[in-house]
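Structure, as structure tokens:
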Amino acid sequence: MHDVRSLRLAGGRLAALSWGDDGAPTWLALHGWLDNAASFSRLAPCLVERLGIRIVAIDFSGHGLSHHLPGNGDYALWDYCHDLLDACDDLGLEQATLLAHSMGAGVSCLTAAALPERVRRLVLLDGLGAVTTDAAEAPRQLRKGLLGHRRPVSPAPRYPDIRTAVAARVAGGATPIDAETAEPLVARNLEPSADGCLQLRTDGRLLRPSPVRLSPAQALAMLDAIECPVLLVEGEAGILGSRELASKARAAVSLLERRVLPGGHHLHLEPAAAEGVARAIVDWYRVRRDDPQGG
């Protein structure tokens, strides 16, 4: 099994984890909101071993060990496309395979829609497209974003030990997650504080409401523009399921194949589910790789 190594990309701005040999074909992995590169710590070794690839997982700006944005700006979904592109440029990936979870899947879809020449294939994990706001709700969303921006950022939460920090993530996460699944994410997001406690590294500005979001029609147009093959692996207890917007999103992507597997939103990191996710990706990739028209 290949060891994991730490990297710095984009002039040191982005932190990353790498599994596999440097000379192997490289996939770029992109995590979800408030997570980090450790999101792929259970899935990446399986894929590296079985496919002979290298996986580089970045921490998005403001997450994990990556730099926070300067000044007092907000983090917009489309701004993370520059993290993706900067990492690809550093790694010499003119056309990348993207392995992406949740928010990372949204960033990947936007990039594939706007710059199809830069994305060869998408492997999406319980995420497809962007969180949206109806056009009629845009003024209310902007109000929330403006007021949130003007409020002081809360101090980073501090914990006496990692066990307490993990418990806080389990209790307060945006989606259900258990302690064993959360532990790698929490461990990478912590740093020692001056008083001997542990505090979160993540930028508190990540919790601000977005001032502007794409409308449903705009988000579907982005998905319709995706030209590359797409594998969507969903958890049976994930965030997509049979919801109307999710169904419309899947229908908008012309070359999408869907797999629904046991697990929740973080099924690729769940100890009981990660192996099934790996098998689904390996089976799909081997068929696509051997098909001259399959990407």
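The values are calculated or read from the model by the stated rules, or taken from the named source; none is laboratory data. Because the structure is predicted, anything quoted here is derived from the model rather than measured. With ideal geometry, Cβ positions are generated from the backbone for all residues, glycine too; neighbour counts draw on all protein chains shown. Note: areas computed on protein heavy atoms with side chains; ligands, DNA, RNA excluded. Shrake-Rupley method; radii C 1.70, N 1.55, O 1.52, S 1.80 Å.
Listed values, structure above:
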| item | result |
| --- | --- |
| Rg [Å, one decimal], Dmax [Å, integer] - segment 63-123, C-alpha atoms | 11.9, 35 |
| Over segment 203-280: Kirkwood hydrodynamic radius from C-alpha pairwise inverse distances, Å | 14.3 |
| Rounded to whole Hz, the Karplus (6.51, -1.76, 1.60) HN-Hα couplings of segment 108-125, x for glycine and proline | 5, 5, 4, 5, 5, 6, 7, 10, x, 5, 9, 10, 8, 7, 10, 10, 10, 10 |
| Low-density loop cleavage sites - trypsin sites (Lys or Arg not before Pro) in segment 202-295, where at most 12 other Cβ are within 10 Å (DSSP) | Arg243 |
| Column: log10 I(q)/I(0), Debye, Cα scatterers of segment 159-295, q = 0.19, 0.21 Å⁻¹ | -1.18, -1.24 |
| Principal axis dimensions, the chain - Cα atoms, whole angstrom, descending | 57, 50, 37 |
| Within segment 143-175: backbone nitrogen closer than 17 Å to the His68 label point (7 Å, Cα to C-beta) | 148-159 |
| The chain: calculated mean residue ellipticity at 222 nm from DSSP helix runs of at least 4, using -39500 (n - 2.57) | -10500 deg cm²/dmol |
| Residues of segment 253-282 with amide N under 16 Å of the 7 Å Cα→Cβ point at Glu180 | 262-277 |
| Kirkwood-Stokes translational diffusion coefficient of segment 18-166, alpha-carbon pairs, 4 °C, 1.567 mPa s, µm²/s | 77 |
| Distance histogram for segment 135-236 (every C-alpha pair counted, 5 angstrom bins, percent rounded to whole numbers) | 2, 10, 13, 14, 13, 15, 16, 10, 5, 1, 0 |
| 1.4 Å probe accessible area per residue over segment 211-295, in Å² | 49 |
| Net dipole in debye of segment 1-135 [+1 Lys, Arg Cβ; -1 Asp, Glu Cβ; about Cα centre; nearest 20] | 300 |
| Fluctuation leader among Leu128, Leu256, Leu84 - the chain, Gaussian network, Cα springs under 10 angstrom | Leu256 |
